[in-house]
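The block underneath contains the structure these notes are about, expressed in structure tokens.
The values are calculated or read from the model by the stated rules, or taken from the named source; none is laboratory data. All values derive from a computational prediction rather than experimental measurement. Positions of Cβ are generated from backbone atoms using ideal geometry, with glycine treated the same way; all protein chains shown enter the neighbour counts.
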Amino acid sequence: MKKILVIVICVLFISIPIFANGLPTKEEGNGSGMVRIDENSSIRLVEESIQYTIKDEGFRGQYKLGLNNEVSRYISAEITVTYKMTSELAEETTMYFILPETDTGYISVDGDNIDQLIYTEPLPESIDWQPSSVQDYTTRDREFHTAQIPLKFEAGQEQTLVIHYIPSASFSRSGQYVNDIFDLLYYMTPADYWLGEPRVHLQVAVDENLSLESNIKLKKISDTLYEVDLDKLPHEEWSLRISHKNYRVFMTNNAWLHNGILLTLFYVAYRFLPRLIKAWSPIRVKRLTYITGSLAWFFLNVDPIGYPFGIFFVWAGYLIMYVIVPYRLNTKR
């Protein structure tokens, strides 16, 4: 089985996806050495199984006054993919397997290692392939890295291809989220160039403390397992969005919505609690509500704008809440 281990490290506003999947190629016989996609390969892809195992690696860093989403959050993602292939005719080809730049891992066919270390090279410019249905700006005009895998089939032979590697990767960060978003992208479309319509099995095992979004609909098997079986290859790339559930007080990862709910509760309590609590004077209830709400805002608010401007807006809010409003109320009295 092919394994991909991803350790996700914080990079501001940058998303580096996981590249995967391979395509058959041929070298032109005119002496030019140009490598092209072999659209007439007799090798059939019978089945492709892709399995993610995504783990919560916890929290690192420290709380910074007024900026409660400044704690670094980490995940690790392991991917296991199995290619089952066959060929009616004898054929040799070189698969260009698209993946992150790496020099760690191994490749095996039917359990026999054919390469102890994976060395990546840029995808040749003569290979005309671009990802499908991917709008992320980080994938446009990107130099794709590949591992070159020699394949040799006898007529009627079946083989199982396994690729294992450990790439470097990063996660995207934006002030609009309560917790950072980890974008994982698996390229499905290169497999279109193999013969046949393969069966496809997609599976994601994710820690209970992590939320999962997938552009390809998955069936929830349990709180930590999602999967789907397809009778043909999707004609789009498979993207996953992962984030921690920590500090989602209102079950949302949208920072604007989170803050909006917090302020709404603050306003409702300030306006209506004095009418409900008859034992105390309205002024006393309002003061206690204001103090409680201000403390809740200080510890629970999330900067929705992000570095470097977010800190100015956050502290401007504190200035209004702790200085200007109390001064105005005292002046009116």
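For this structure, a couple of remarks:
- Among the residues listed as Thr292, Thr331, the single one being at pLDDT below 80 and farther than 23 Å from Tyr177 by Cα: Thr331
- Which numbered condition Met321 fails, given (1) closer than 30 Å to Gly22 by Cβ; (2) touching a helix residue (DSSP H, G or I) at 6+ places or on another chain (Cβ under 9 Å): (1)
- Qualifying residue in the range 130-143 (condition: modelled with pLDDT of 75 or more and not in a loop (DSSP other than H, G, I, E, B)): no
- Single residue of the range 262-280 satisfying the filter (buried (at least 16 other Cβ atoms within 10 Å of the Cβ) and aliphatic (A, V, I, L, M)) that is farthest from Phe298 (Cα to Cα): Leu273
- Only one of the numbered conditions (1) closer than 27 Å to Ile181 by Cβ; (2) of a type in the set (A, V, I, L, M); (3) modelled with pLDDT under 80 is violated by Val325, and that is (1).
- Against the conditions (1) over 22 Å from the mean Cα position of the chain (by Cα); (2) within 30 Å of Tyr177 (Cβ to Cβ), Trp256 satisfies every one except (1).
This table checks each residue for (1) touching a Leu at 6+ places or on another chain (Cβ under 6 Å); (2) loosely packed, with under 15 Cβ neighbours inside 10 Å.
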{"site": "Gln203", "(1), (2)": "no, no"}
{"site": "Lys217", "(1), (2)": "no, yes"}
{"site": "Leu240", "(1), (2)": "yes, no"}
{"site": "Thr252", "(1), (2)": "no, yes"}
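- Residue within the range 266-274 that is at positive phi and out of contact with any strand residue (DSSP E or B) (no Cβ under 9 Å at 6 or more places or on another chain) present: no
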